Structure formats: structure tokens, C-alpha cells
Amino acid sequence: MNDKKLILVVDDDPDLVEALAMKLESENFRVSKAYDGVEGWDEIKKERPALIILDVMMPRKDGYTLCNELKNSEEYKGIIVVLLTAVADAINSTNYTHMGGKTTLADDFVPKPIDLDKLMEIVKDNLQ
Amino acid sequence: MQEACSGNPDKIKIGGVKMSPELVQINLFRKSSPDLFWTGLFRQMAEDRINLTFFTQAAVNAGFLCNFCVLSSDFHRVENLLQQEDDKNQQVRIIAPVGTITIFPHHHSFTLLGCVIGILGRARIPVHAVCTSLSSVAINADYVLLDQALKELRKVMTLPVNHAPFRADLDSIRPNSYPLG
């Protein structure tokens, strides 16, 4: 049995997924990857992650929707979700709002552009 | 992977393919140091919220070369900026319309890059620019040939079962097309 905790990274930017995976693996986590909310669900069903780092704006199924589905699921609501949110000054111009984010019941938020050290701190705090 | 490129039925497993919307590729060439001009140009583009979807820069024997892409709908604004800074030391070449095919992940190996270029070459699909990033191989080809390029690539590559659409439809939920991620 592998005692490293599994973290799922879901973002439609493959370079960001790769960068986060490299950082998380260097911190002794296992990482699974998905590039939108639909693929994210597939990965969750394959192997339940301890925590999900979830982008908001993605094609097919966005982060808010996936987060809401998880938190309304008896089976998966215990998975910790950290949402990656856009910067405040730009988010006003989209349909994605902080209010929308708050209704998702995500466990934590990290603003973009991402401060990797801050993200690692949030991940470790939430997994304790 | 090399066997798949040469026609072996064992296909290359990849994580995904994305295709860009219609773009314009701008190639800039200068014999002298480009720092002052290009920094000013890209700063102005950032201030005007013109998104760079593709960017490469290289020092070559005869000077400095920069290739970048913008959405076709943004091109007239870039054209204005280039005309404002008209400089005889600079050669400008416009290629339009182009599109970028992004394939990922490359698993930190050049094999995928060579394979993709080989496939497109055999299909006689012109490649206008190539770059690799942390996880991806990105190729610029004629926009009208993108679907054909994808068809050729899919002959040797296997995508995840629930793969996302090749063209992401984010514009309908991102009115200003900001690169929010």
C-alpha cells in the first residue's frame, strides 16, 4: 500500500498541471492529472484523491460545477477541494464571481497567479 | 513511440490535444538588438489586453528572430502598433490564418516532437513554427489544414476516453477573452 497521499490537479492549462505536479511530487505526494471537470470526475472514480486542486474556468465542466457535485455527493463530499480563482480585478468581467465561488462549499481558495509556497502551505494545512 | 510514428499499430498514449482559434502569426526579424523595440511593443500589447497565444524568440547568426501569434480579431490593433514603430532595421512577415495544435504531455522527451513533425511532413502540411513548453508540444500550421493535421496525428496517437473537445468553447462564458485560466 502506497502511503503517499494522492492529489488530483484539474486545470485546462497543461503546463500549470505539470508544474503543480512536479512541485507536489517533490513534496512527497502522488499526483493524478485531469484537464477539465469531466476528466476530473473520471480520475476521482479511478482512485479517490485526498485533495483536489481545481481550476474554475474550464471547458465542458467548470470547477464550480465539479465542486458542487462533489460536495453534494455522499460518497465524495469528504474530499478536500482547493479552488484556483482568478484575480479580483479581472473576475468582474466574467460570469465567474467570488459569490459563485463561495456557493461551491470549497474548502479553500488560492488566487491566480499562484504562489507555489502558499499553495503548498494550504495543501498541507488541509491534509493535517 | 518511434515505432508508432513509423506505422506500428501500437499507438502513442497522450493526455490531450488542443486546437486554437484562428490566429495571425507575426515574424519579426532585426539585425540589431531588439530589446528596446520588442519590450515596448509587448508592453503596449499587454496594456491593450492583446493576448499572445504563442511566442518564441531566438538569436540567429544574422540577427534576432521573434515569432508570435494573436487572435485574428486582434490583429488590426497589432498592425497599428507595428506601423507606429515602423523601423527599417526590422523585417515583418505576416502569416495568416494559422492555428496552433498543442499536444501534451511530452514527458520531457523530444521524441513526440520529432514524431509530430514527421507526420505533418509526410502529409505535406506546412509547419510555420514549433515550440515546446513544460509539458506540451505546440505547432503552428495553416488554419484551414488543422483538421487534416489532427486526423493524421490521431492515426498514431491515442487520446483518453473522455477527452475534451479539441476546440475549447470558453468564449461564451468569457466575454472579454481574458487569459484567466
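The values are calculated or read from the model by the stated rules, or taken from the named source; none is laboratory data. All figures in this text were calculated on a predicted structure; none of them were measured in a lab. When we count neighbours, we look across all protein chains shown, and the Cβ atoms used for this are built from the backbone with ideal geometry, even at glycine.
The number of residues in segment A:44-65 being modelled with pLDDT under 95, under 22 Å from residue A:19 (Cα atoms) and in a helix (DSSP H, G or I) comes to 1.
Determine, yes or no, whether residue B:93 is within 30 Å of residue B:11 (Cα to Cα) and loosely packed, with under 13 Cβ neighbours inside 10 Å. Taking the combined requirement at face value, the residue does not satisfy it.
Condition (residue is of a type in the set (A, V, I, L, M, F, W, C), under 17 Å from the mean Cα position of the chain (by Cα), more than 24 Å from residue B:33 (Cα to Cα) and in a strand (DSSP E or B)) applied to segment B:86-97: is it met by at least one residue? Yes; the residues of segment B:86-97 include at least one that is of a type in the set (A, V, I, L, M, F, W, C), under 17 Å from the mean Cα position of the chain (by Cα), more than 24 Å from residue B:33 (Cα to Cα) and in a strand (DSSP E or B). Within segment B:123-133, if we keep just the residues that are more than 14 Å from every other protein chain (Cβ to nearest Cβ) and in contact (Cβ under 8 Å) with a residue 12 or more places away in the chain, the residue that is surrounded by the fewest Cβ atoms within 10 Å (Cβ to Cβ) turns out to be B:126.
Only residues that are assigned to a helix (DSSP H, G or I), within 12 Å of another protein chain (Cβ to nearest Cβ) and farther than 15 Å from residue A:50 by Cα were counted across segment A:6-33, and they come to 9.
The set of residues from segment B:127-168 being within 13 Å of the chain's Cα centre (by Cα) and assigned to a loop (DSSP other than H, G, I, E, B) comprises B:133, B:136.
Figure legend. Inter-residue proximity from segment B:101-115: first residues more than 13 Å from chain A (Cβ to nearest Cβ) and assigned to a helix (DSSP H, G or I), second residues exposed (fewer than 14 other Cβ atoms within 10 Å of the Cβ) and not hydroxyl-bearing (Ser, Thr, Tyr), beta-carbon distance below 7 Å, spacing 6+ or different chains. Indicated pairs: B:111/B:2.
Based on what the data block shows, is residue B:136 within 14 Å of chain A (Cβ to nearest Cβ) and modelled with pLDDT of 70 or more?
yes
Of the residues making up segment B:16-61, just one is of a type in the set (Asp, Glu) and within 18 Å of residue B:95 (Cα to Cα), namely B:22.
Every residue, every condition in (1) over 21 Å from residue A:124 (Cα atoms); (2) more than 12 Å from every other protein chain (Cβ to nearest Cβ); (3) touching a residue at least 12 places away in the same chain (Cβ under 8 Å); (4) touching a Lys or Arg at 6+ places or on another chain (Cβ under 7 Å), yes or no:
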| residue | (1), (2), (3), (4) |
| --- | --- |
| A:35 | yes, no, yes, no |
| A:38 | yes, no, yes, yes |
| A:50 | no, yes, yes, yes |
| A:58 | yes, no, yes, no |
| A:66 | yes, yes, yes, no |
| A:70 | no, yes, yes, yes |
| A:74 | yes, yes, no, no |
| A:77 | no, yes, no, yes |
| A:84 | no, no, yes, yes |
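Restricting B:112, B:52 to residues that are touching a His at 6+ places or on another chain (Cβ under 6 Å) and closer than 30 Å to residue B:17 by Cα narrows the list to B:112.
Residues in segment A:1-17 that are without any contact (Cβ under 8 Å) to a residue 12 or more places away in the chain and within 20 Å of residue B:138 (Cα to Cα): A:15 alone. Taking the criterion of being among the aliphatic types (A, V, I, L, M) and either more than 19 Å from residue A:74 (Cα to Cα) or surrounded by 22 or more Cβ atoms within 10 Å (Cβ to Cβ) (or both), the residues of segment A:39-60 that qualify are A:44, A:51, A:52, A:53, A:54, A:56, A:57, A:58.
When segment B:30-77 is examined, which residues are found to be basic (Lys, Arg), surrounded by 11 or more Cβ atoms within 10 Å (Cβ to Cβ) and at pLDDT 90 or above? Residues satisfying the conditions are B:49, B:77.
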